[in-house]
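In what follows, a single structure is set out as structure tokens and then discussed.
The values are calculated or read from the model by the stated rules, or taken from the named source; none is laboratory data. A quick note: this is a predicted structure, and the numbers were derived from the prediction, not measured. Virtual Cβ from ideal backbone geometry, glycine too; neighbours counted across all protein chains shown.
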Ligand SMILES: [Zn+2]
């Protein structure tokens, strides 16, 4: 009885050991501008929906092609102004109101990141 239990436990342990990945796979998130990876301070996900509209995805789970941006103001600037976001999301271009909405988010991020109120 004791041996059987031990054997069962041992094989269960072996199965677990072989099934445990040596390195946990973390979905790679990279800022589309500066190429910062990982979730040090958390990358922000922007998502493109079926109509090509782009918005900030606070949950990070919305369906659609996503792109990540870090908290650096210059990354948002480049993403919106120099078309990094357009390229990353493979869209023709950003709609004016989407750009406006993303700019507002970028403003909030800057305020939060620097702890300074926008004046
Ligand atoms: Zn960045």
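Brief remarks follow.
- Single residue of segment 62-71 satisfying the filter (part of a loop (DSSP other than H, G, I, E, B) and at pLDDT 90 or above) that is nearest to residue 113 (Cα to Cα): 70
- Filter result for residue 89 (modelled with pLDDT of 95 or more and either in contact with a strand residue (DSSP E or B) (Cβ under 8 Å, 6 or more places away or on another chain) or away from the ligand (no atom under 16 Å from the Cβ) (or both)): yes
- Restricting attention to segment 84-105, the residues being outside any helix (DSSP H, G or I) and either more than 19 Å from the chain's Cα centre (by Cα) or surrounded by 11 or more Cβ atoms within 10 Å (Cβ to Cβ) (or both) number 5.
- Here residue 28 passes the criteria (1) over 24 Å from residue 112 (Cα atoms); (2) within 16 Å of the ligand (Cβ to nearest atom); (3) at pLDDT 90 or above except the one numbered (3).
- Index of the failed condition, residue 68 passing every other in (1) within 13 Å of the ligand (Cβ to nearest atom); (2) over 10 Å from the mean Cα position of the chain (by Cα): (2)
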